[in-house]
Amino acid sequence: MSCRSYALVVSLILLCAGSALGQHVEATVEVGNAPSALVYDSLDQKIFVANKGSKTVSVIDATSNEVIATIPTGDQPSAVCWNSTSNKVYVANDVLGSPGSVTIIDAATDSVIITLDVGQAPNGLAWSSNRNKVYCTNRDASTVTVIDGQNDVVLGTVHLSQTLNNILYNPVSDRIYVCSGAYGQPGKVHVIDCSDDQVLTSFNSGTNAWAMAYSPTSNWLYVANAGSQNMSIFDCSNHQNLGMLRTGEEPKCVAWTSQNKVFCGSYWGQQIHYMHGDSLRFKGKTAIPGNPENLLYNPETQKLFVALPLQSLVTVLDARDQHEHQIIVNIDAGGGPKSMVLHPDQNRVYVANSWDNIVTVIKDVVGIAETPHNDESVGPVSIHTWPTPTRTARQVMFSATGFNPKRLEIRNVSGRLVHASSASRKNIWTTPSSSGIYFYTLTDGDREVTGKLVVE
């Protein structure tokens, strides 16, 4: 075996938008007018897209990223959810000037089963996996319609109060949570017991309770209060208010991650606050280049995708411990990106762009997050290679200029740590005797530089 077969090609990449190694646009799919919501069907490997402006649902084959069907719905389909038990898709139609409806679609055949009448301005859907029921919030009627997921009939109507903003299912307690309110109006959270579809309780949140996230780890509920610039935390076991944390101006999105972290996006504040899920205080915040309206987390890569409709961008944040403040890349996703869904098998994020009438497919990267260094006080990093007498490996010397690294980490493309050591201005690592792509990180406390090594 010759040394040449293991020649080392070393390149330093201060990663930026458009890097082929990072998150990138893999495809754009033309759909109907004003796509507003989408959902992933893992059984049939399909993406269902509600097109608010064309009264249709586009069905995308998640393997080929091509539209394979267009299904008629009612007026202004604005919300969608998938029932994996019955393999059905539910579409909430906000019919102007009259009661709304829910179109039920057979996900296997892409055909309409039935359309059911619901209340005024249906704007949210949640599926109870324990009961096989679908709950539809009717924004202007202040009601929730309950649908039998097996027999496709309306089981009843739950009467609440205020303008209904969002809905969420708690599988641990088998309860539905609905947040409500308007600007200048104290918000509420309503709790529905799925066993009998009765209101268990309603309790106060901040002004205009707008969005929610649930942690099955702690059984806590996080509520973004758009009108009072804060986020409320409630214990779902007794609905005790555990605290109210200050955010940026107009928080409109919140997400819990499987690593037990919570991220909250402030629309006018243009910030993402983050915290550990069992904490009662924010750990920090990140300034982002726009107005966040939606958050999506990929647990495989530990990245947070932030939809910025006004800027036509999707910002990708590193959600790993000690890295939550780092922006990896800003992606030009299309006009008006808002709704997003994850295809976990392919590590793809599908983004509905309501202005361009397209769905953008973003390919995520498995493994270490490729983090740019934004601190201009860190100077350039020069890389040299030293050949060794062996025929099956080379030594790489990392020579840092402009800062004094304290630690060196090397990871492979799957994110597995293959080397870790204390560091100085000159560091040597012996590469493995096989080709591949590796990522290095040099840190000096709270600063770091990340790059790529290609062993050929």
Taking the range 244-262 on its own, how many of its residues are without any contact (Cβ under 8 Å) to a residue 60 or more places away in the chain, under 19 Å from Met340 (Cβ atoms) and part of a strand (DSSP E or B)? 7
Going by the conditions given, is Asn130 in the same structural domain as Val223 (by TED's automatic domain parsing) and over 20 Å from Asn87 (Cα atoms)? no
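Residue-by-condition table, conditions (1) among the small types (Gly, Ala, Ser); (2) over 19 Å from Val59 (Cα atoms):
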position: Asn294; (1), (2): no, yes
position: Val316; (1), (2): no, yes
position: Ala333; (1), (2): yes, yes
position: Lys338; (1), (2): no, no
position: Val341; (1), (2): no, no
position: Ser354; (1), (2): yes, no
position: Ile358; (1), (2): no, no
Being assigned by TED's automatic domain parsing to the domain that holds Ile167 and in a loop (DSSP other than H, G, I, E, B) is the requirement here; does Gly269 meet it? yes
Given the criteria at positive phi and either at pLDDT 95 or above or of a type in the set (Ser, Thr, Tyr) (or both), does Asp197 qualify? yes
Residue tally, condition within 21 Å of Ser228 (Cβ to Cβ) and surrounded by 13 or more Cβ atoms within 10 Å (Cβ to Cβ), over the range 268-287: 11
Scope the range 288-308; condition surrounded by fewer than 23 Cβ atoms within 10 Å (Cβ to Cβ) and touching a Pro at 6+ places or on another chain (Cβ under 6 Å); matching residues: Glu293
Condition met for Gln162 (more than 30 Å from Ser218 (Cβ to Cβ), in contact (Cβ under 8 Å) with a residue 24 or more places away in the chain and either among the aromatic types (Phe, Trp, Tyr) or not in a strand (DSSP E or B) (or both)): no
Could you list, in sequence order, the residues of the range 294-335 that are within 20 Å of Ala224 (Cα to Cα) and in contact with a helix residue (DSSP H, G or I) (Cβ under 9 Å, 6 or more places away or on another chain)? Asn294
Quick one: which residue in Thr109, Thr103 is touching a Gly at 6+ places or on another chain (Cβ under 7 Å) and among the hydroxyl-bearing types (Ser, Thr, Tyr)? Thr103
Does Thr73 count as more than 23 Å from the chain's Cα centre (by Cα), closer than 21 Å to Lys133 by Cα and among the hydroxyl-bearing types (Ser, Thr, Tyr)? yes
Read through the list (1) without any contact (Cβ under 8 Å) to a residue 40 or more places away in the chain; (2) closer than 19 Å to Gly206 by Cα; (3) not in a strand (DSSP E or B), then give the number of the only condition that Gly227 fails. (1)
Among the residues of the range 114-157 satisfying the criterion of being without any contact (Cβ under 8 Å) to a residue 40 or more places away in the chain and of a type in the set (Asp, Glu), which is nearest to Gly97 (Cα to Cα)? Asp140
By my count, strands (runs of 3 or more DSSP E) wholly in the range 1-82 with at least 1 residues that are modelled with pLDDT under 95, β-branched (Val, Ile, Thr) and surrounded by fewer than 21 Cβ atoms within 10 Å (Cβ to Cβ) are 8-11, 24-30
Filter the range 262-293 down to residues that are touching a helix residue (DSSP H, G or I) at 6+ places or on another chain (Cβ under 8 Å) and not charged (D, E, K, R) and give me whichever is nearest to Ala213 (Cα to Cα). Asn291
How many residues are acidic (Asp, Glu) and either crowded, with 22+ Cβ neighbours inside 10 Å or closer than 24 Å to Ser354 by Cβ (or both) when one looks only at the range 83-114? 2
Could you figure out which of (1) assigned to a strand (DSSP E or B); (2) at pLDDT below 90; (3) surrounded by fewer than 21 Cβ atoms within 10 Å (Cβ to Cβ); (4) aliphatic (A, V, I, L, M) isn't true of Val366? (1)
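The values are calculated or read from the model by the stated rules, or taken from the named source; none is laboratory data. Values in this document were obtained by computation on a predicted structure and should not be read as measured data. Cβ: placed from backbone, ideal geometry, glycine included. Neighbour counts: every protein chain shown.
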